[in-house]
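Derivation of every value follows stated rules applied to the coordinates shown; laboratory data play no part. Only a predicted model underlies this, so the values are computations on that prediction, with no experimental measurement involved. Please note: Cβ atoms are built from the backbone with ideal geometry, for glycine as well, and neighbour counts cover all protein chains shown.
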């Protein structure tokens, strides 16, 4: 009763006590029920990770988080078959869905459904179907989601049936509005008959928000739904649900451009959310308030509201998924627009402080994006501001906004500090993304130079030409790009001014953000490399890499090396060897892929794949086990960034950030074996001579790329521009 009335904390304490008593009495099933109820209370409080940890223990799944799909399936088959277990698995699967672990959520929910079906438990069957529908929807599989919703809609419990139908309705709104309209009267009648409860209020709000998406919808019934939701939430004394209801009503007034009422209600929703630390709701109302104030021409107030929203998001970084199932912490739909809209407001003025703030806001966005990629906070080191690192480098920060491409450029000044400049080109976001996407699709083929050159020149005009004169006047030698969105997949070295490629004038580096692990050059007395690679084909579908042998031989001829090759390059051997190897460079010449999800990002060993989180753990053992120092350079020479995915370069940035390496060299696409061997051999030749030449890692890579470019057989950017250096360039 307490949970249904929104008294989650009181309910939690009661169930904790009950679980302890049942465990002491040896009543496992009743203890599991109490623990499941605790998990549901945690869910209502937005504490999904705590719910997962509790249920992992209760269900005896201690290694669930690190299990492969096959291992998890085996673990799930071993749990007892009981009604209590089916309910607990449904709660676990729902929590896994909310934090974004969709593959494991699906497996857990399928097991819950199987047990519930075997025991003929109608409500648990419907709950599992509903969660499986939500999981399929989050995975982008609309047809499967609809199948599960249709099944759950037949549930004997009215509330479950309503939830399923509301979800069906939300999928029909855009492409089947007639179906949506026909279902509305039935749903409105069913919801009106429900007794007040937290779930009933959520159903009202979700239905109202769905109707708001219908073209030409009458706002009056929407307002009535939300007004009742507000009243019921107030009667229950649940400030979290009340905030959600009031804010949703404010959203309706925003949509109907009743600005004064929208502002008042949004402020009220914020006042309800902030005292209970409901940051996952508060950031939505702060964003809404910013939009409402902007619409009224209250620019300063709008900026302040947006900044509060960004601060709330920043506070949620440690637990990105701290949101209820109906208030998803959605990166693409909410977090990204908040940051970009704030930057647009800030750039209405070109004051230096505003430029710094705008740059900082985009920095926060990139950190959240990486956290979203890994599903955990991933940058907690003590970094250094990169525009204070090298007086011979310019930092170029392109920002893709709705109606302009903004460039904030940090140039060294005569007094040893840096100065910020702002340039912009009037071009909408869709155009920039289209140019970048087409360029990326064309350039990774050896015969398309004529096709790509106009696009490379267009990209030069957007990213370099506005500041070209200032760059030349500042006499910088290195350009460091902090790329945004689709631009991350574009090779900056290949940008062309009509006469020459950018790499022919500058060393090029990338940075995942404005901050860098304490930069330093490679120590001449410690140059050496651990090389691991494959030449032979590996199942399933990974072709042979015959030129890797030449690449390895050239590396060994240039500097001290330790080698793991073919059969010796297993996951366990790599982990053991890397902890003991005395060298600051790790070179991996093997298949690999960088994707938009951590699960799609891996390197290939003889006996399988090492995924990015596991690779991160292995490489970080260097810091713990070596006395001779940290990992200075990680080279991934045969990997590629997944094509056709606008966010796939996140995987590349993720590897660079999580590896612990101060610098990472990798490829944007699978390069030609022969040219790769030549380029890598030249790179290590240049690196071995740094005690004499004093050149940077970025310059060593530039010289290697120029050697390939000047070979008539390999002059196309396909052969040399895929290589990018991320992180410490000095």
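Could you state the angle between the C-alpha long axis of helix 352-374 and the longest principal axis of the C-alpha atoms of the chain, as a value from 0 to 90 degrees rounded to the nearest 10? The answer is roughly 70 degrees. Each Cα pair under 8 Å and six or more residues apart adds its separation to the average, and for region 145-242 the resulting relative contact order is 23 percent. Against the empirical 2.2 N^0.38 Å (N residues), region 384-516 has a Cα radius of gyration ratio of 1.03.
Relative to the longest principal axis of the Cα atoms of the chain, helix 102-119 runs at roughly 30 degrees. With respect to the chain, whose longest principal axis is taken over its alpha-carbon atoms, helix 28-44 is tilted by about 70°. Given region 384-516, what percent of its DSSP beta bridges are antiparallel, to the nearest 5? Antiparallel bridges make up about 70 percent of those DSSP assigns within region 384-516.
Reducing region 567-594 and region 427-450 to their Cα centroids gives an inter-centroid distance of 34 Å.
Spacing of the modelled spin labels on residue 179 and residue 500, each 7 Å from Cα toward Cβ, amounts to 6.0 nm. Between the C-alpha center of region 227-294 and that of region 88-150 there is a gap of 30 Å. Based on Cα contacts under 8 Å between residues 6+ apart, the chain shows a relative contact order of 8 percent.
Across the chain, Cα-Cα distances exceeding 34 Å account for 53% of all pairs. Distance between the modelled labels on residue 276 and residue 231, one decimal in nanometres: 2.1 nm (7 Å Cα→Cβ projection). With contacts taken as Cα pairs under 8 Å and at least 6 residues apart, region 384-516 reaches a relative contact order of 29 percent. Note on residue 391 and residue 563: the model spin-label points, each 7 Å out from Cα along the C-beta direction, lie 4.5 nm apart. In the chain, the DSSP beta bridges split such that about 50 percent are antiparallel, to the nearest 5.
Maximal additional length on extending the residue 296-residue 25 stretch stands at 91.2 nm, based on 0.36 nm per residue less the C-alpha distance. The peptide list 583-595, 691-703, 467-479, put in order of mean Cβ contacts within 10 Å with the highest first, becomes 583-595, 691-703, 467-479.
Take the Cβ atoms of residue 194 and residue 413, set R0 to 60 Å, and the FRET efficiency comes out at 0.35. Compared with the alpha-carbon gap, the fully stretched path from residue 351 to residue 617 is longer by 91.5 nm at 0.36 nm per residue. Ellipticity at 222 nm from helices only: DSSP H runs of n ≥ 4 in the chain, each -39500 (n - 2.57), divided by the residue count, give -17500 deg cm²/dmol. Using the Cβ-Cβ distance between residue 16 and residue 573 with R0 = 56 Å, the FRET efficiency computed as 1/(1 + (r/R0)^6) comes to roughly 0.75.
Here 306, 253 are placed in order of increasing Cβ neighbour count within 10 Å, fewest first, which gives 253, 306. Using the alpha carbons alone, the radius of gyration of region 527-727 stands to its Kirkwood radius in an Rg to Rh ratio of 0.93.
One decimal place: the segment residue 438-residue 66 gains 130.2 nm when fully extended, by the rule 0.36 nm per residue minus the C-alpha distance.
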